[in-house]
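One structure is given below, encoded as structure tokens.
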Amino acid sequence: MPETFTTKVALIVRDDLAIWQRLNVAAFLATGVAASAPEALGEPYVDAAGRRYSRMLGQPMLVFSASRAQLQGAHRTALERGLEAAVYVGAMFSTGNDEANRAVFRAENPEELDLVGLAIRGDRKQVDKAVKGLTLHK
């Protein structure tokens, strides 16, 4: 019988990005989820030859597509509901390291973030409310 998770993970990526940007944002957001929930990581993978591979999140991550306005709405809902969130703003595409990413993020207007990606994790029902109306990424 499949495991039923009490939490849900959603990655939301802005729909007007180039493909490479979408993939880049999704990858960075997934690391944010893993970093904030180390207890959700499974055990390392071991192949038949005994080679070890990294641990991964032990539950599915749903990837959604959204407009900037929809991303901002999901962000507001996530904050209101106390969900764990990772964010990626457009200015991060112009930086080359983590310190610079934090600096450009800190410079954003917190009420009008130029969100290009958002990851949220928390209670299933609360995450469902934050992604209501969004479509799965194609």
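In region 29-52, which residues are modelled with pLDDT under 95 and either farther than 28 Å from ASP123 by Cβ or open to solvent by 90 Å² or more (accessible area, probe 1.4 Å) (or both)?
GLU39, GLU43, listed by residue number.
In region 39-54, how many are over 23 Å from TYR88 (Cβ atoms), in a loop (DSSP other than H, G, I, E, B) and in contact with a Pro (Cβ under 7 Å, 6 or more places away or on another chain)? Don't jump to the end; show me each part of the working.
Taking region 39-54 first, the residues over 23 Å from TYR88 (Cβ atoms) are 39, 42-53.
Among the residues that remain, those that are also in a loop (DSSP other than H, G, I, E, B) are: 42-44, 47-51.
Next, from what is left, pick out any that are in contact with a Pro (Cβ under 7 Å, 6 or more places away or on another chain): none.
Looking only at that region, the number is 0.
Consider ALA91 against the criteria (1) part of a loop (DSSP other than H, G, I, E, B); (2) hydrophobic (A, V, I, L, M, F, W, C); (3) farther than 16 Å from GLY32 by Cβ; (4) touching a residue at least 12 places away in the same chain (Cβ under 8 Å): it satisfies all of them except one. Which criterion is unmet?
(1) is the only condition that ALA91 fails.
What are the residue pairs meeting all of these: first residue in region 96-116, first residue closer than 14 Å to PHE28 by Cβ, second residue among the basic types (Lys, Arg) and open to solvent by 80 Å² or more (accessible area, probe 1.4 Å), Cβ atoms under 7 Å, and 6 or more apart or on different chains?
Partner pairs satisfying both residue conditions: LEU115/ARG68.
Any idea which residue in region 109-136 is most open to solvent (accessible area, probe 1.4 Å), counting only those that are closer than 18 Å to VAL33 by Cα and not in a strand (DSSP E or B)?
So the first thing to find is which residues in region 109-136 are closer than 18 Å to VAL33 by Cα, and the list is 115-128, 130-131.
With not in a strand (DSSP E or B) added as a condition, the list becomes 124-128, 130-131.
Values: ARG124: 94, LYS125: 145, GLN126: 51, VAL127: 0, ASP128: 64, ALA130: 7, VAL131: 11 Å².
Per the stated criteria, the residue is LYS125.
Condition check: open to solvent by 80 Å² or more (accessible area, probe 1.4 Å), farther than 29 Å from GLY133 by Cβ, assigned to a helix (DSSP H, G or I) and not hydrophobic (A, V, I, L, M, F, W, C). Does ARG102 satisfy that?
On the way: open to solvent by 80 Å² or more (accessible area, probe 1.4 Å): yes; farther than 29 Å from GLY133 by Cβ: yes; assigned to a helix (DSSP H, G or I): yes; not hydrophobic (A, V, I, L, M, F, W, C): yes.
So ARG102 fits the description; yes.
Going through region 53-68 one residue at a time, which ones are open to solvent by less than 70 Å² (accessible area, probe 1.4 Å) and farther than 21 Å from VAL33 by Cβ?
Matches in region 53-68: SER67 only.
Output the number of residues of region 1-28 satisfying the condition of being open to solvent by less than 30 Å² (accessible area, probe 1.4 Å) and not in a strand (DSSP E or B).
The number of residues fulfilling the criteria is 3.
Is one or more of the residues making up region 71-83 assigned to a strand (DSSP E or B) and over 12 Å from ILE12 (Cβ atoms)? Even if it seems obvious, please write down each step before you answer.
Taking region 71-83 first, the residues assigned to a strand (DSSP E or B) are none.
No.
The values are calculated or read from the model by the stated rules, or taken from the named source; none is laboratory data. In this text the structure is predicted, and so the values were computed from the model without any measurement. Positions of Cβ are generated from backbone atoms using ideal geometry, with glycine treated the same way; all protein chains shown enter the neighbour counts. Protein only, heavy atoms only, side chains kept; ligands, DNA and RNA dropped before computing areas. Shrake-Rupley method; radii C 1.70, N 1.55, O 1.52, S 1.80 Å.
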